[in-house]
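S.K.: Before I ask anything, let me first share the structure, which is written out below as structure tokens.
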Amino acid sequence: MVIWMLEQYLPLVGLIIFGNIENLVLSSQGVVAGVNPLKLAIASIICVSLWLIIGTFATQTFIQYVSFIEFIGGLAIFILGAQAMITSIRGE
């Protein structure tokens, strides 16, 4: 049962890993910017939970678009990560 469940998410493993890394980068950026860490943690948990729920229920429906979804997600992660790094290097 568990193996079957993991197999359906296998095509999206890269996106899952890099999405979690991006969440850490954005959270770090928020802490550096002086955002209340408790509010940031609550917002982060809510967003991650919503994406988990959406991903769980939408995987079966949109599995045929996995390469497109992975490309768009990877591009978004790259752009947000680059933006966070540029902002932190500039010291804004």
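S.K.: Residues that are modelled with pLDDT of 75 or more, open to solvent by 60 Å² or more (accessible area, probe 1.4 Å) and acidic (D, E): does region 7-22 have at least one?
M.R.: no
S.K.: Which one is farthest from G14 (Cα to Cα), of the residues in region 39-52 that are at pLDDT 80 or above and surrounded by fewer than 12 Cβ atoms within 10 Å (Cβ to Cβ)?
M.R.: Step by step, filter region 39-52, then rank; the result is K39.
S.K.: Which ones in region 29-38 are open to solvent by 60 Å² or more (accessible area, probe 1.4 Å) and without any contact (Cβ under 8 Å) to a residue 12 or more places away in the chain?
M.R.: V31, A33, G34, V35, N36, P37, L38
S.K.: I want to confirm something. Restricting to region 65-82 and keeping residues that are open to solvent by 50 Å² or more (accessible area, probe 1.4 Å) and not β-branched (V, I, T), which single residue is farthest from N23 (Cα to Cα)?
M.R.: Just the residues of region 65-82 that are open to solvent by 50 Å² or more (accessible area, probe 1.4 Å), to begin with: 65, 67-72, 75, 78-80.
With the extra rule that they be not β-branched (V, I, T), the set shrinks to 65, 67-68, 70-71, 75, 78, 80.
Numbers: Y65: 23, S67: 21, F68: 21, E70: 16, F71: 18, L75: 14, F78: 12, L80: 10 Å.
Once the filter is applied, the top-ranked residue is Y65.
The values are calculated or read from the model by the stated rules, or taken from the named source; none is laboratory data. In this text, all values refer to a predicted model and were calculated from it rather than measured experimentally. Backbone-built Cβ (ideal geometry, glycine too); neighbour counts: all protein chains shown. Keep in mind that these areas ignore ligands, DNA and RNA; they rest on the heavy atoms of the full protein, side chains included. Shrake-Rupley method; radii C 1.70, N 1.55, O 1.52, S 1.80 Å.
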